[in-house]
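The values are calculated or read from the model by the stated rules, or taken from the named source; none is laboratory data. Please read all numbers here as calculations on a predicted model, not as lab measurements. Note that each Cβ is placed from the backbone with ideal geometry, even for glycine, and that neighbours are counted across all protein chains shown. For accessibility, only protein heavy atoms count, side chains too; no ligands or nucleic acids. Shrake-Rupley method; radii C 1.70, N 1.55, O 1.52, S 1.80 Å.
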Amino acid sequence: MKIAFFDTKPYDRPSFDKFGREYGVEFKYFETKLNEDTVELAQGYDGVCAFVNDTVNAAVIDRLQEMGVRVLAMRCAGYNNVDVKHAFKRLHVLRVPAYSPYAVAEHTMAMLLTSIRRIHKAYIRTRDFNFSLSGLTGFDLYGKTVGVIGTGRIGRVFIDICRGFGMKVLAYDKFPAEGLDNGDTIRYVTLDELFERSDIISLHCPLTEDTYHIINEASLARCKQGVVLLNTSRGALVDAEALLTGIKSRKVGAACLDVYEEESDFFFEDLSGHILEDDTLARLISMPNVIVTSHQAFLTEEALENIAETTVTNLVGFFEKGECPNELCYRCGAAEDCKRGKCF
């Protein structure tokens, strides 16, 4: 089978070449993102492989169908950039539901520790032989309360890490994980209670209508003064303008962001020689208490291997067996394991 691979980065190819050879899948790598202007590149291919910042809207789906492309293989867990409902009876959409929850959870903790212990600032100082400790005072994580929104695989790994630091956990999920709440150090609570009692809030939930801008002006108003916000999930979970206002008013003590709502025009690219046209992102990056990484949390050797292997086996399962356990549920626009069951 021949697959058009969009938004290719150098770190993608080794793993996909390896598993492609093993399973007989031929990839044609394109550096450009998939969108209405580039969809013609998929002409003559059996399927396309896309990533988080590719645009798979109704127009792209219709054109893929017209060209005889049968399947879209997302090499990621998220699919909010895909019009899944429009794909119903037009295009099969596959995804990678889990690649390495440890990669994302560990990156989240790395950002938190870097921020609260001022490690990034200390590194820059000592590179200039400045060994002053002024302005580098942090705080202990031990005994602090962390609010975790979303207790899927990544959220639960992050909770385990936090418990290792002796932190108390308040959790929220529309579908609570069985056995996670121990009634003491880990408790499920309402969103309001989580906002009001958490010293640190970490987002690990998918982007849905319910979670869009879950961090907004109203929710930040309910938070503790100086709350630390972590987002390694989806950019649109956070209203960036509200966050910026919260930082300027000192309501938000620090923010660690691996994702950004309008990231598709900026992340994964070297823009060091250009003027950043997104004023909100530029202001966030300029804040001394904000750390931004460019959707890097997934980027470990283990995760890249898992992503490639799952993507390839998804394609092989679809073309050889006519089914794939990681296919999205078209009718409701969610994953097949979405609590509502299959609804084909």
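Table: residues versus (1) modelled with pLDDT of 95 or more; (2) open to solvent by 60 Å² or more (accessible area, probe 1.4 Å); (3) in contact with a strand residue (DSSP E or B) (Cβ under 6 Å, 6 or more places away or on another chain).
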{"position": "ALA242", "(1), (2), (3)": "yes, no, no"}
{"position": "THR245", "(1), (2), (3)": "yes, yes, no"}
{"position": "ARG250", "(1), (2), (3)": "yes, yes, no"}
{"position": "GLU262", "(1), (2), (3)": "no, yes, no"}
{"position": "LEU271", "(1), (2), (3)": "no, yes, no"}
{"position": "ASP278", "(1), (2), (3)": "no, no, no"}
{"position": "ILE285", "(1), (2), (3)": "yes, yes, yes"}
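Would you say ARG63 is surrounded by 15 or more Cβ atoms within 10 Å (Cβ to Cβ) and either among the charged types (D, E, K, R) or on the phi > 0 side of the Ramachandran plot (or both)? So ARG63 fits the description; yes. Condition first: farther than 9 Å from SER15 by Cβ and of a type in the set (Gly, Ala, Ser). Now tell me which residues in the stretch 301-316 satisfy that. Within the stretch 301-316, just ALA303 meets the criteria. Among residues of the stretch 210-223 that are among the basic types (Lys, Arg), those with a Cβ under 7 angstrom from a residue that is not in a loop (DSSP other than H, G, I, E, B), sequence gap 6+ or separate chain, pair up as ARG222/ASP192; ARG222/PHE195; ARG222/GLU196.
Taking the conditions (1) out of contact with any Asp or Glu (no Cβ under 9 Å at 6 or more places or on another chain); (2) over 20 Å from ALA254 (Cα atoms) in turn, GLY150 satisfies each one other than (1).
Selection within the stretch 301-332: residues that are assigned to a loop (DSSP other than H, G, I, E, B) and either touching a Phe, Trp or Tyr at 6+ places or on another chain (Cβ under 8 Å) or among the hydrophobic types (A, V, I, L, M, F, W, C) (or both). The member of this set that is nearest to ALA98 (Cα to Cα) is CYS324. Of all residues in the stretch 99-113, which are open to solvent by 40 Å² or more (accessible area, probe 1.4 Å) and not in a helix (DSSP H, G or I)? Hit for the stretch 99-113 is TYR99, nothing else. Right, TYR142: among the aromatic types (Phe, Trp, Tyr) and at pLDDT 95 or above or not? Taking the combined requirement at face value, the residue satisfies it.
Summed over the stretch 18-60, the residues that are at positive phi and touching a strand residue (DSSP E or B) at 6+ places or on another chain (Cβ under 8 Å) give a count of 1. Restricting to the stretch 1-40, give me the number of residues that are assigned to a helix (DSSP H, G or I), hydroxyl-bearing (Ser, Thr, Tyr) and under 23 Å from the mean Cα position of the chain (by Cα). The qualifying residues number 1.
Restricting the search to the stretch 35-54, which residues are in contact with a Ser or Thr (Cβ under 8 Å, 6 or more places away or on another chain) and without any contact (Cβ under 8 Å) to a residue 40 or more places away in the chain? Matches in the stretch 35-54: ASN35, GLU36, THR38, LEU41.
Residue count for the stretch 114-129 satisfying the condition of being in a loop (DSSP other than H, G, I, E, B) and surrounded by 11 or more Cβ atoms within 10 Å (Cβ to Cβ): 2. Pairs meeting the criteria (first residue in the stretch 271-290 and within 23 Å of GLY253 (Cβ to Cβ) and among the aliphatic types (A, V, I, L, M), second residue in a loop (DSSP other than H, G, I, E, B) and at pLDDT below 95, beta carbons under 6 Å, at least 6 apart or on different chains) are ALA282/LEU276.
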